[in-house]
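Notes for the one structure printed next.
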Amino acid sequence: MKKQHVVDLILKTTRSDLKNAGSAFAPINIALCKYWGKRDTELNLPVTPSLSVSLQPLGTTTHITIAGGQDQVYLNGECKDSSSEFYKRISLFLSMFRPDADTFFTVRTENNVPTAAGLASSASGFAALVFALNDLFSWDLSRRYLSVLARLGSGSACRSVYQGFVKWRQGELSNGSDSYAEALNYTWPDLRIGVIEIATSEKCTSSRDAMKRTVDTSILYHAWPDKVERDMNLLIDAIKARDFEVLGRVSESNALAMHATMMDSWPPVIYWVPETVKTIHKIQEMRHSGIPIYFTIDAGPNIKILFLAEHEQQVRQSCSALTVLSPFAMNP
Ligand code: 2P0
């Protein structure tokens, strides 16, 4: 099934009333149980569920208006060239929502994510764009539909339509209407996420390509769905019980298992650089010395750490180039 068909199904019974402008914010998110592998690459339908925590106030604010002639796309104030990958990805996505072929959009998108922190912003970017379209056209769509539409832009974007802990159900239907994110209504005010900047250069393999290669060639990947099922249950129980040791251990183990499947692919995908391994060892040493600290790593070399507020000072002293986030600061 094509993305356009999914969009048409959602919008066919939706009232539309075009306003002058639409704007919205969506947070970035970090997965504790990773989305790794698609059962449908067109619709970004995952093989397994995943679980994340949104990191408001970091994220994307997007403002959209109707334009003449052609789409205009601004990123952090800079007008993107129509030949750039960023422009092409946004313009192609917008094409699914044009009332007619002559309608174009001006999109202004601002990320307040420190670019040096190595935090992905495509998830918050597509979630904010879908929210902004919902505002522009006055669709008044449910979060579930907004999550499905954001997924069509980038899989992990479906989780950025909520704050706090979020679960993405993998679903079973071929049109993906049952593959959307839901908020887990639990908070954890003392939870801290640290981002350790290791490298900011462009990665040589996109996560999209790496995922496909893993699904196509890794034998270890066959064990991934069972691993995720187990980790999802443990993580949800840990969140409910505020059991930090289990939350940290399972998140770290899940990230390492994901990287094991990519290293087992051919050609192998190895996002780690020497500093990544050095930092892993340092975190293990800190743990052995009695500081409860765990890590997770996405499709890149940078490390995100999990710890509790009571250890923030010790962690800050031990880790340089660290950005500390409090995902539940506004929501105790
Ligand atoms: C995640 N990642 O759960 C995992 C962990 C990277 C590692 O979601 O192809 O940009 O747009 O669906 O969402 C990055 O993949 O991929 C990602 P597409 P996406 O956060």
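In the range 231-251 there is no residue matching the filter, namely being of a type in the set (Val, Ile, Thr), surrounded by 20 or more Cβ atoms within 10 Å (Cβ to Cβ) and under 24 Å from residue 122 (Cβ atoms).
To keep it simple, each residue is scored yes or no on (1) under 30 Å from residue 170 (Cα atoms); (2) of a type in the set (A, V, I, L, M, F, W, C).
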residue: 12; (1), (2): yes, no
residue: 55; (1), (2): yes, yes
residue: 71; (1), (2): no, no
residue: 77; (1), (2): no, no
residue: 80; (1), (2): no, no
residue: 93; (1), (2): yes, yes
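Report whether or not residue 61 is more than 23 Å from the chain's Cα centre (by Cα), outside any loop (DSSP other than H, G, I, E, B), away from the ligand (no atom under 16 Å from the Cβ) and of a type in the set (S, T, N, Q). It is false that residue 61 is more than 23 Å from the chain's Cα centre (by Cα), outside any loop (DSSP other than H, G, I, E, B), away from the ligand (no atom under 16 Å from the Cβ) and of a type in the set (S, T, N, Q). With respect to residue 10, is the statement that it is touching a residue at least 24 places away in the same chain (Cβ under 8 Å), within 16 Å of the ligand (Cβ to nearest atom), part of a helix (DSSP H, G or I) and not acidic (Asp, Glu) true? No, not satisfied. No other residue among 34, 3 is surrounded by fewer than 24 Cβ atoms within 10 Å (Cβ to Cβ) and among the basic types (Lys, Arg) apart from 3. The set of residues in the range 41-58 being within 16 Å of the ligand (Cβ to nearest atom) and in a strand (DSSP E or B) consists of 45, 46, 50, 51, 52, 53, 54, 55, 58.
Given the residues 192, 169, which is the only one that is farther than 29 Å from residue 309 by Cα and charged (D, E, K, R)? Full working, then the answer.
Working: 192 fails: farther than 29 Å from residue 309 by Cα.
Result of the check over 192, 169: 169.
When the range 205-230 is examined, which residues are found to be loosely packed, with under 13 Cβ neighbours inside 10 Å and β-branched (Val, Ile, Thr)? 219, the sole residue that qualifies.
I want to confirm something. Restricting to the range 19-40 and keeping residues that are outside any strand (DSSP E or B) and either within 16 Å of the ligand (Cβ to nearest atom) or in contact with a helix residue (DSSP H, G or I) (Cβ under 7 Å, 6 or more places away or on another chain) (or both), which single residue is farthest from residue 97 (Cα to Cα)?
Per the criteria, the residue is 34.
Only one of these conditions is not met by residue 265: (1) over 21 Å from residue 197 (Cβ atoms); (2) of a type in the set (S, T, N, Q); (3) away from the ligand (no atom under 16 Å from the Cβ). Which number is it? For residue 265, the exception is condition (3). For the range 10-32, a residue qualifies if it is over 30 Å from residue 254 (Cβ atoms) and aliphatic (A, V, I, L, M), and the qualifying residues are 10, 11, 18, 21, 24.
Bear in mind these aren't lab numbers, they're just calculated from the coordinates by the rules spelled out. On a predicted model such as this, the values are computed, not experimentally measured, just so you know. Here Cβ is always computed from backbone atoms with ideal geometry, including for glycine, and neighbour counts include all displayed protein chains.
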